[in-house]
Structure formats: C-alpha cells, structure tokens
1. Can you give me the three principal axis dimensions of the stretch 68-216 from its C-alpha atoms, in Å, biggest first?
2. For the stretch 58-113, what is the convex hull volume of its Cα atoms per residue in Å³?
3. Give me 62, 419 sorted ascending by neighbouring Cβ count inside 10 Å, so fewest comes first.
4. State, to one decimal in nm, how far the label point of residue 115 lies from the label point of residue 73, with both points 7 Å from Cα in the Cβ direction.
5. Could you list 425, 200 in order of exposure, starting from the residue whose Cβ has the fewest other Cβ atoms within 10 Å?
6. Considering all alpha-carbon pairs of the stretch 1-116, what whole percent are spaced by more than 26 angstrom?
7. State log₁₀ I(q)/I(0) for the stretch 360-423 at q = 0.14, 0.22, 0.27 Å⁻¹ as given by the Debye formula over alpha-carbon point scatterers of equal weight, solvent excluded.
8. When all alpha-carbon pairs of the stretch 8-67 are counted, what percent fall beyond 18 Å?
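Just so it is clear, none of the values below were taken in a lab; they were calculated from the coordinates. Since the structure is predicted, the reported quantities are computational estimates derived from the model, not experimental observations. Neighbour counts are summed over all protein chains in view; Cβ atoms, including those assigned to glycine, are modelled from backbone coordinates with ideal geometry.
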C-alpha cells in the first residue's frame, strides 16, 4: 500500500510487462511500485463509496443535531433537574457517611454544638466537641498547649456554620446554628521558627481587611492572634483587635498564647475564656474544650504602615507598655460613651418580609365566577382570576378580559349562588378553539395541537 493505493513491487526491467501506473519507487530505484489497471478502477469505485459513506454519516449527524435543537428546552430542563437531583443525593450520601444530623437554624446569633466532630476526622478517633457562643457573650478566647486542638476546634465551628448555610447536615448529636452574612478567617497552618516580619505583615493585612468587612451578622475566626513578632507589641495588637471585634458586635473565636489576652478576656464584657484540657501527669493534651476557664519587634510601626487606625494603635501601646494614661486614651477615643460606628463593607442578610393579609382577605371576598360591577363604567363582568399580591384581579367583560384593581370592583352575586358545585368555568372563559384542542388531547396525543393561555 503506497500513498493509499494498492501496488505491486516490480523490478525495473519488467516494467513493460505489467500494465498500470507507477505510484512510487524504492530508494535505490531498482524496484517500482505499480498500481495495476484492474486495481485502479476498483480503487476509484472504493473512493466513491467512501465519499458516499462520509456524506451519509454527515446527513445522520445533521438530522440528530436538528432533533436535539428542536427539543433544546426539554434537554436543558432535564439537565437542570438531573443536576438538582445529583446535588440532593450527594448531600444525602455525605450525611449518611458522616452519620450527621440536621442542625437547627436560629436568628438569635447563638451557636450551640453538642458532641460535634470535624467532618474530616474519623468518629473513632475524634474527641467530641461541645461548644456555645452567643448566650454568655459574643467572643471566646481559646488558650492551651501546642497541638492541643485549638485550631481544629475553631475550624469545626466555622465549617459547621458554612455547612448549615449550604443545606448540609453536620456530624454531631445536636446543633443550633445561626445564619452569618460572612465567615471571615485568618487561620495560618504550617507554623515554624522562621516566622519573620513578612509573615506578620500578611496576618495584619488580612485582619485589617476582616475588620473592615465584619458586622453584627458576621462570624470571625482568628488563629494565633498577634503571633509572628515581638511578644509585647504582638500582645498589645491582639488586645486592640479583640476590642475592635467586641465593639463591632460580631461573633468571634480566637486562639492565643498571650497571658495578657487571657486577662483581657476575663475582664471585658461579652468575651469569655476557654482552654484545651491538658493532663499534667502524662503531659499529654486531652483535645477537650473547657469554656469559662483560661489555660496554662516593630509590630506597632508596621501595623500603622499597613493602615491600622490610630485608636487601635493607642490601645495596643497601652496594653504593651502601660505608658499610655487612661485619660489620654479616653480623649483620643472621644470618651467612653462615644462609639465610632463604621458600617461593614460586606453583604447583609435579607430578612424575609411578613406576608400582607390583604391578598388572603380579598381572595375570600372575590372568587372565580363571581358576578361583579366594574366602576366607574358600571359594566357587569365575571371574575376570571382572583386577586394577586398587587391587589389586581382579572374580569371577563362582554367583549374582552381586563385586569383591574380590586378597589374598582363591587360584588353583585357570588359564584356559589350562580353555578352548581364543581362547575367547569372553562366554558365561559376559554376560547372555542382551546376547548376543542383540550378535548382532543384528553382523548389521545395530537401532533401540533396547542393550548394558548393568556399571560398575566
């Protein structure tokens, strides 16, 4: 086979003995590849058959494509339905795999978890977490040893809130979770001895962005608050950040090692200490959260350069060095009673509006088939459609149908007095063509027959 044609290898001196066309020759030129005349006619016929096959394939594909295009809306609706069903079944399989429970959703900004566990941790090895936030205050400061479970506790609370808002069950015995317009996090894993100013700068930038967005409907999670710099100044910044979170009214959960932060949490209103339990005899963490108890650089300059407000810097300076008098802090902040209200930049939760009673009341007053008087023309009509949420209903007049406000309608005779029970109102309101088509379609399928409904 040479160049897609069937050939015979013939020595050059016997070329005249084989009638046909030379298609190719060998590298030395001693052998010629000849397509015999009989084979050439067959090859031509084969090429024609291939062209016909290609045309038939293209025709079939065109027909299938046209059939799909005609039913495009059906295919798209099926696809959306399959996606929705797949999502529902996936949530169900995940809930069964995690042995999860349906959480309660509250609007009182409360989070309560009983015997919960991180979704990625096995049921056999995970220590159950019981946690409360909102009833006794808006913030919790968790302290404890390294690898004691502080970060896992924080991630579990955040994941539970996000999973609940996504319509997922959560792995616990019982949970009551609130809706949050945002879950704002600054959680840094992979901690090491080589932490430097660049790490601190990244944390401060992230925290300042969180403080701009946080509001009363937000949940804020901060891990190792104030770490990565000089302990004294980092502690001061940590307290300033906590003070700012407390004033904005959000729910927050932070971890720290600073003893001064524990003292702040104990003294500040709305902030509670918590610790990860530790076995002093074996010196091993127990990975159990105990609430209500506290467990065993150039930071200010960089924070100011990164945009931290002066009031927060003054509070950080006082907490770090103690050389700022309370009078000066009060003067800078404008007094104890004065609060600087900054509206958060993030989205807000839209509460569902209460349904108005007018639609329900008017639906009882006007029913389909009622004989009514249309004002001010004083024309008589029959109600086709009852009052909608805008207070408008449809009336059949002698020559047409109109939409009109319920205030311009006066009831003459109720439908129950005019028509027997289960009366078919399509006799009055439908066109003759629609009634005929509906009758045909009820008997059997009718190709090309349609029923046209009036749009509201």
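1. 64, 37, 32
2. Measuring per residue, one finds 134 Å³ for the Cα hull of the stretch 58-113.
3. Lowest count first: 62, 419.
4. For the pair residue 115/residue 73, the computed spacing is 5.3 nm.
5. With the fewest neighbours first, 425, 200 line up as 425, 200.
6. Cα-Cα pairs of the stretch 1-116 separated by over 26 Å account for 64 percent.
7. Log10 I(q)/I(0), no solvent term: -0.34, -0.85, -1.23.
8. 55 percent
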